[in-house]
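The values are calculated or read from the model by the stated rules, or taken from the named source; none is laboratory data. Just so you know, these numbers come straight off a predicted model, no measurement behind them. Positions of Cβ are generated from backbone atoms using ideal geometry, with glycine treated the same way; all protein chains shown enter the neighbour counts. We work out accessible area using only protein heavy atoms, side chains counted, and drop any ligands, DNA or RNA first. Shrake-Rupley method; radii C 1.70, N 1.55, O 1.52, S 1.80 Å.
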Protein chains: 2
Amino acid sequence: MAVAMILSYRYLLICSATLALLLQLCSGLSLDTVREFLTREEDTVVFGLIERAKYPRNTPAYDPGYLAGGHGHNASFAEMFVRESEAVHAKAGRYQSLQEIPFFPFRVPFTLAPPYNFTTELYSAAAFVNVNDAIWSTYFNQLLPLLAKNSDDGNYAATVASDLVCLQALSRRINYGRYVAEVKFIGDQQNYTTLIRNKDTDALMKLLTSEAQEDVVKRRVQKKAMVFGQNVTLDGPVETGNSNSSQTSFKVDPSLVYELYDKWVIPLTKQVEVEYLLHRLD
Amino acid sequence: MAVAMILSYRYLLICSATLALLLQLCSGLSLDTVREFLTREEDTVVFGLIERAKYPRNTPAYDPGYLAGGHGHNASFAEMFVRESEAVHAKAGRYQSLQEIPFFPFRVPFTLAPPYNFTTELYSAAAFVNVNDAIWSTYFNQLLPLLAKNSDDGNYAATVASDLVCLQALSRRINYGRYVAEVKFIGDQQNYTTLIRNKDTDALMKLLTSEAQEDVVKRRVQKKAMVFGQNVTLDGPVETGNSNSSQTSFKVDPSLVYELYDKWVIPLTKQVEVEYLLHRLD
């Protein structure tokens, strides 16, 4: 009886794995498509950082005290701008796609157009997982002081609009860890299932980590910062990012982009992956 | 008497030219700083186009009929999105800076932060000049069909958000013709004054045109599209945009970016310059 139960449980596991694999094939989700998405998002992140670096620091835009006088807000100008912009995006249905997660949850009914029937590639009970709070605080407190020159040109609206583009790119990139985890789970369902049932966070982290792959990503984004952040002239040489001792000046320090991925983007993505997996059998 | 009047008129001209030159020096506006600004904006335009090309055409977002059913709008989804986003930007004071001009004029009082005292480098009676209507129709009717793949992924909000970034970049770039015209006017005040008084549009166009400079700009943006729009890999070769027969595939066709500048950006900029000059003595 016990043997029969174990066998039927195994059979069930194999069936559900096959079904999940078939669903993934239909939705087009595979380790290749997931990596392709993440690689393309690197360009978006690097472009965003270069565009933000066009503006100086513009400190008042991030200081809650700046709006406090007579306005009754506790939020910074940047937060107010992101909140109001996200409300417009929510109204336009941006967050219908699970790839996009707002920094401020909205109950705005989606009013601007009819709903679109997106395919769902995530396990629904785990799809909510995100680290937007960590992204928000990392971006403003750690990254921005290193990215922007310390002065003030008054272009606060254009500046925080470029912050929003960066935040959305980083959020989409990092919270895409849910898709990465889904693909990895399907590819090795038996091992992941055991670790998830045991809530073995450390072993999950170890199983989904590929240091060689992470190294490729970090060195590639650094190269992208060199190629995309150079001053292209018609007749001058073009920086290829391949030599070690570059004399070119870049719009964003390539080593900062390396560090961003090393310290924040990759660890936060893996945090998303682990949290998603912990809810993958809910 | 007549001679004395002519002499004092000439003296007045010289004095006002000197004064204007001094004002320009104080504000930092010169042919060099203006060209530097325009060159940097090329990167912003190219990044914007590459980011828009990430999404497919998404035709319903531009079709007024898409929203018409029961919503009572005559505008497209894209127009509604731009209107609502610009209202947030207006509220945040974006259009306090004369460098930024909305596509839809707003009477929204600027409420999010205290006003910022921008230096005014333009002649106030001519500062209103802009060609946003032409940019709007060129972007949606001419450029977009050539830029985006003809399919539909439902990401309308993210798509039109990237349209807004492109529109703002093109508007800032093209309407910067006002600053170009101001610098050219100050540099050759006597010739321009005569032509402006005669409303000689053709001669003004001829005086402010430098075909050699335009050629440099067009070839440089094409090169930027090659450098910024390539797929950067860690070990693969880097496209430098210098060879004539490139085998690389680009995210946006570099010849389309050349054409964009050749057919629209440069001619529209010169149209702004001429219109600004026609109001320069108002």
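With respect to the numbered conditions (1) more than 26 Å from residue A:114 (Cα to Cα); (2) open to solvent by less than 50 Å² (accessible area, probe 1.4 Å); (3) more than 19 Å from the chain's Cα centre (by Cα), which one is the sole condition not fulfilled by residue B:107? For residue B:107, the exception is condition (2).
Of all residues in region A:99-127, those satisfying the criterion of being in contact (Cβ under 8 Å) with a residue 40 or more places away in the chain and not β-branched (Val, Ile, Thr) are A:99, A:100, A:103, A:121, A:122, A:123, A:125, A:126, A:127.
One residue alone among B:234, B:207 is more than 9 Å from chain A (Cβ to nearest Cβ) and either in contact with a Leu (Cβ under 8 Å, 6 or more places away or on another chain) or modelled with pLDDT under 95 (or both), and that residue is B:207.
Mind checking whether some residue in region A:76-95 is under 20 Å from residue A:178 (Cα atoms) and either facing another protein chain (nearest Cβ under 9 Å) or under 16 Å from the mean Cα position of the chain (by Cα) (or both)? Among the residues of region A:76-95, at least one is under 20 Å from residue A:178 (Cα atoms) and either facing another protein chain (nearest Cβ under 9 Å) or under 16 Å from the mean Cα position of the chain (by Cα) (or both), which makes the answer yes.
Can you find even one residue in region A:243-251 that is in a loop (DSSP other than H, G, I, E, B), modelled with pLDDT of 95 or more, open to solvent by 10 Å² or more (accessible area, probe 1.4 Å) and within 24 Å of residue B:36 (Cα to Cα)?
Looking for residues that are in a loop (DSSP other than H, G, I, E, B), modelled with pLDDT of 95 or more, open to solvent by 10 Å² or more (accessible area, probe 1.4 Å) and within 24 Å of residue B:36 (Cα to Cα), one finds at least one in region A:243-251, hence yes.
So for region B:134-154 (the condition being within 13 Å of chain A (Cβ to nearest Cβ) and buried (at least 18 other Cβ atoms within 10 Å of the Cβ)), does at least one residue qualify? Yes - at least one qualifying residue is present in region B:134-154. Checked against the criterion of being of a type in the set (Asp, Glu), over 16 Å from the mean Cα position of the chain (by Cα) and either under 22 Å from residue A:32 (Cβ atoms) or modelled with pLDDT of 95 or more (or both), region A:157-178 contains not a single residue that satisfies it.
Would you confirm whether any residue within region B:111-132 is more than 8 Å from chain A (Cβ to nearest Cβ), within 24 Å of residue B:259 (Cα to Cα) and in a helix (DSSP H, G or I)? Checked against the condition, which is being more than 8 Å from chain A (Cβ to nearest Cβ), within 24 Å of residue B:259 (Cα to Cα) and in a helix (DSSP H, G or I), region B:111-132 yields at least one hit. The listed residues are B:256, B:278, and the only one of them that is open to solvent by 30 Å² or more (accessible area, probe 1.4 Å) and among the aliphatic types (A, V, I, L, M) turns out to be B:278. Scan region A:54-75 residue by residue and report those that are modelled with pLDDT of 95 or more, part of a loop (DSSP other than H, G, I, E, B) and within 11 Å of chain B (Cβ to nearest Cβ). Scanning region A:54-75 gives A:54, A:58.
Can you find a residue that is open to solvent by less than 20 Å² (accessible area, probe 1.4 Å), of a type outside the set (A, V, I, L, M), touching a residue at least 60 places away in the same chain (Cβ under 8 Å) and not in a loop (DSSP other than H, G, I, E, B) anywhere in region B:200-212? The answer is no; no qualifying residue exists.
Any idea which of (1) open to solvent by less than 60 Å² (accessible area, probe 1.4 Å); (2) at pLDDT 95 or above is the one residue B:28 doesn't satisfy? Looking at each condition in turn, residue B:28 falls short on (2).
Mind telling me which of the residues A:47, A:103 ends up being within 7 Å of chain B (Cβ to nearest Cβ) and out of contact with any Gly (no Cβ under 6 Å at 6 or more places or on another chain)? Outline the logic, then answer.
Details: A:103 fails: within 7 Å of chain B (Cβ to nearest Cβ).
Within the list A:47, A:103, the selection yields A:47.
Residue count for region A:112-128, restricted to those that are open to solvent by less than 60 Å² (accessible area, probe 1.4 Å), under 20 Å from residue A:91 (Cα atoms) and touching a helix residue (DSSP H, G or I) at 6+ places or on another chain (Cβ under 7 Å): 3.
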